[in-house]
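Worksheet: one structure, shown below.
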Number of protein chains: 2
Amino acid sequence: MAQKMEKITPRDEDFAQWYTDVVKNANLVDYGPVKGTLIFKPYGYAIWENIMKIVDADFKKMGVTNVYFPLLIPASLFNKEKEHIEGFAPEVATVTKVGDKQLGEDLYIRPTSEVLIMNHFAKEIKSYRDLPLVYNQWANVMRWEKTTRPFLRSSEFLWQEGHTIHSDKKEAEELAIKIAKYYKDFVQDFLLCPVLSGKKTEREKFAGAKDTYTIEALMYDGQSLQSGTSHYFEDNFTKAFNIKFQNKEQKEEFAYTTSWGISTRLIGAIIMTHADDEGLVLPSKIAPIQVQIININDSDEVLKTSNDLKEKLSKTFRVNIDSSDKSFGFKISEAEIKGIPIRIEVGPRDLKDGVVTISRRDTKSKESIKLDDVIKYIENQIIDYDKNLFEKALQNRKNRTFSANTIYEYIKLLENKQGFVLVPFCCEIDCENNVKEKTQTVSRCISSDHKVDQNQKCFNCEASAKNMVYFARSY
Amino acid sequence: MAQKMEKITPRDEDFAQWYTDVVKNANLVDYGPVKGTLIFKPYGYAIWENIMKIVDADFKKMGVTNVYFPLLIPASLFNKEKEHIEGFAPEVATVTKVGDKQLGEDLYIRPTSEVLIMNHFAKEIKSYRDLPLVYNQWANVMRWEKTTRPFLRSSEFLWQEGHTIHSDKKEAEELAIKIAKYYKDFVQDFLLCPVLSGKKTEREKFAGAKDTYTIEALMYDGQSLQSGTSHYFEDNFTKAFNIKFQNKEQKEEFAYTTSWGISTRLIGAIIMTHADDEGLVLPSKIAPIQVQIININDSDEVLKTSNDLKEKLSKTFRVNIDSSDKSFGFKISEAEIKGIPIRIEVGPRDLKDGVVTISRRDTKSKESIKLDDVIKYIENQIIDYDKNLFEKALQNRKNRTFSANTIYEYIKLLENKQGFVLVPFCCEIDCENNVKEKTQTVSRCISSDHKVDQNQKCFNCEASAKNMVYFARSY
């Protein structure tokens, strides 16, 4: 392997460097030749494949149908929704020529596909009978970035973008909420990252949306990572694109739309939530390898045992035997760096007692397990492993959730600690702009669990508070 | 549905218009706002999803690992392999600015990813221990086209591109051949399109390749469609990119590479091989719906029977009940246009006799089948259905395979008939250029079954013939 084991900077010493070290040592990505682009190497891409597989199957159960829309959007079409274009204009990569020939019109590489899909919907929708359409695509998108951080910030990234259109306003809004709820469940149950969920403020909602629902995960360092968003557009886009349908009363009406997405950023969330100073720690459900078998020598007995184990375990788990010619110690380190949940060491001494040694990546526990008990043992350990990952992350979030009533308290918390800070907030754009100027932070989401008291004042401007809102530094 | 049933032009009257009509009526794609781009609608994309699912699973069994490389290639990097750039230069879409800002260097949207991947390999490969790397990506690529034909010709298309690097020359060459063989099996066994397979001539091989292996399917109209290619580069690319590894003797050596791909063109092949004047006819293994159930009325008995049937059949097949409020006749036409292999009609009169009516899309056979026998009957019919599709296509190819010994005979065949024409050929580039000038056709592949006789002359230049080669008009 070109990959060399290099020292991983301790997480508590320099979190950013630790992150870069983990990503590099675990062989997840490489940088592309164009600044801001990433190469997803096999192990990194396999995590994304596992995410896609689970989410795609769940979407299909929810009645979502997959489609594929073109990469390029004509500038004239993009400019149809003013608010939307303003949100993306500075970062759109623009095709101006083909070979030596200048094009008649600039073409944008999609930063997101709302306008393309609206344009298509306008042609497809005639009657309420044509509705709803519940589309999704797995695609690459591009938003230019000056700095690159694997999974967190790159000019090109991979995602799914759902786009739906409805005859019924309530149905559209409910779908946006249902998807946000699904994202929450998926990220918590499969990626084991606890999230806050709720609406975005006026300033932070998506360009053109009536409401944006977000899920926010708190990373180990106390910064928030927006992990999925679902937008309800009401008829904002359908008015801009003049998308009407004939309702049951034979009257023309504007339709209602939503869009929603999760991306390869989620891999960043997994790393910054669970990984440690020895490398990745992967949630079992998305780990490309769940059980790694390492042989202590090449004796027939050892090889036969590990092959048998692999065959038996493969019915339930993704199992791999490390049969490279690397040293035993290197193989152990590599299994740790790659965050493989369970490691089995098969050695001649153990086999005399009819046992193998099984370790867990999270707790570093090591136990001698009888060959006959291996499957049952691992089944139990994996359940406990996942539970432990979630609990640890939840504990970190609990330790890092604060509240403040004034901007001074808030700044003090930002200076001394990191985490979610719950504040009473007027939710006005100007006031949030002002908070951003003072603190370089903006709100993450409106709390759905906390209500403002009567007469409670905004933590920043002292106007009447409208909502309790979480603020935090964020990725 | 916005889709309206429109008349399908008879296939034998105007093949091109027939194709367009079938694609439109089956609701497979729409045109994007940028000329040459396509929107894959749910039914069209579902076919591609089924293709991906089968091929991806087979690749994984063959030890292929998925990756994802960036969309954009710097011009300077692309220009490293001269022959390669010449092949693609006139059709590369070029990003020159982001927002208002001009970029320092032109960036090409990948027409294929060899150079990007070579550039990455150069960094990854140190020793024979790092080899082989057997990568694949499912991605969008762009090659500008002036005319658009759904699936056959579009500026953006979807494909898989495999890229491998090896320490052993023979291993690399054998892998390229193995993949070509896999493509042949997949296209014949799953898409039911018989193919010729063999090497491309010097003129027709891929830019930069030592050998290109191709599979060529003959469409109903007698034109060939290149359905998959696998390239063996020897060390052409590794020399251009200076990719050396240390071999077992600790000496530096250039590595050997391959690349291979199939694309959404295959959907065009399926249509032009199997569809008929009533619409699509889909091979069962990639049909999004294999069994369509249509109720004759909404009585409890009918609904209960069709729900029961769906539940039972869903264990083996992809089953759908058309529960729209369209008329019975419209539902029948739609099932035909969509090419659904098996249709079950559930009606009260039949139910009195304990039967349902089952039709096959290919033969239009219609039989009353007892409820208890439905599963067994459909299982048998589907096997026969697939066999029939393949046999019909094979018969068409047999009827349209000719041979010629002179250019005059060849031109006459092209004028009067369409199909594969086997000719003795010198295989020189200049001679093939000359054939192209005279006939607007080039070779499809070198026959692996036929050898030239001693003293046999090239059909065009009368120099000594080197191989027996298939020529044909092509898509």
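Only the coordinates and a few stated rules stand behind these numbers; no lab work does. If you're wondering where the values come from, they're calculated on a predicted model, not measured in any experiment. FYI the Cβ positions are ideal-geometry reconstructions off the backbone, even for glycines, and counts take in every protein chain you see.
With the simple model of a label 7 Å out from the Cα in the direction of the Cβ, A:ILE429 to B:ALA122 spans 4.8 nm.
With neighbours defined as other Cβ atoms within 10 Å of a residue's Cβ, the residues B:THR401, A:THR273 order from fewest to most as B:THR401, A:THR273.
The range A:420-451 and the range A:35-51 have Cα centres lying 34 Å from one another.
Round to the nearest 0.05 the FRET efficiency obtained for A:ASP373 and B:THR316 when R0 = 45 Å and r is the Cβ-Cβ distance.
Numbers: r = 37 Å, r/R0 = 0.82.
Approximately 0.75, to the nearest 0.05.
Placing dummy labels 7 Å off each Cα toward the beta-carbon, the span from A:LYS239 to B:GLU415 is 6.7 nm. Restricting attention to the range B:401-472, the count of lysine pairs at 8 or more positions apart or across chains with alpha carbons under 19 Å apart stands at 10. With an 8 Å Cα cut-off and a minimum separation of 6 or more residues, compute the relative contact order for the range A:291-381 in percent. That works out to 30 percent.
What does the charge count near A:LYS370 come to, summing +1 for each Lys or Arg and -1 for each Asp or Glu among other residues with Cβ under 11 Å from its Cβ? Intermediate values should be presented prior to the final figure.
On the way: positive: A:LYS376; negative: A:ASP350, A:ASP353, A:GLU367, A:ASP372, A:ASP373.
Once all neighbours under 11 Å are counted, the net charge is -4.
When the trypsin sites (Lys or Arg not before Pro) in the range B:348-399 are filtered for DSSP coil states and for at most 11 other beta-carbon atoms within 10 Å of their beta-carbon, the remaining sites are B:LYS364.
Applying 1/(1 + (r/R0)^6) with R0 = 35 Å to the Cβ-Cβ distance of B:ASP325 and A:ASP189, what FRET efficiency is obtained, to the nearest 0.05? The pair B:ASP325/A:ASP189 has a calculated efficiency of 0.40. Computed over neighbours whose Cβ is under 10 Å from that of B:LEU218, the net charge equals +2, Lys and Arg +1, Asp and Glu -1. The modelled label-to-label distance between B:ASP56 and A:ASN455, using points 7 Å beyond Cα along the C-beta direction, is 6.0 nm. Calculated translational diffusion coefficient of the protein assembly as shown (25 °C, 0.890 mPa s; Stokes-Einstein with Kirkwood radius over alpha-carbon pairs) equals 80 µm²/s. Sorting A:ASP14, A:ASP300, A:ASP30 from the fewest to the most surrounding beta carbons within 10 angstrom yields A:ASP300, A:ASP14, A:ASP30.
Could you list B:SER443, A:SER113 in order of exposure, starting from the residue whose Cβ has the fewest other Cβ atoms within 10 Å?
With the fewest neighbours first, B:SER443, A:SER113 line up as A:SER113, B:SER443.
Legend: distances between Cα atoms for A:LYS60/A:LYS146; A:LYS126/B:LYS331; A:LYS61/A:LYS181; A:LYS338/B:LYS61; B:LYS35/B:LYS331; A:LYS123/A:LYS170; pairs beyond 25 Å are A:LYS60/A:LYS146; B:LYS35/B:LYS331. Under a model in which nothing but the beta-carbon of Lys, Arg (+1) and Asp, Glu (-1) is charged, the range A:15-274 shows a dipole of about 160 debye around its Cα centre.
Across chain B, the relative contact order, built from alpha-carbon pairs under 8 Å that are at least six residues apart, equals 13 percent. The stretch between A:SER365 and A:GLU6 holds 126.8 nm of extra length on full extension. This uses 0.36 nm per residue minus the Cα-Cα distance. Using the Cβ-Cβ distance between A:THR406 and B:LYS352 with R0 = 60 Å, the FRET efficiency computed as 1/(1 + (r/R0)^6) comes to roughly 0.15. Qualifying trypsin sites (Lys or Arg not before Pro) in the range A:179-254, where qualification requires a DSSP coil assignment and no more than 10 other C-beta atoms within 10 Å, comprise A:LYS248, A:LYS251.
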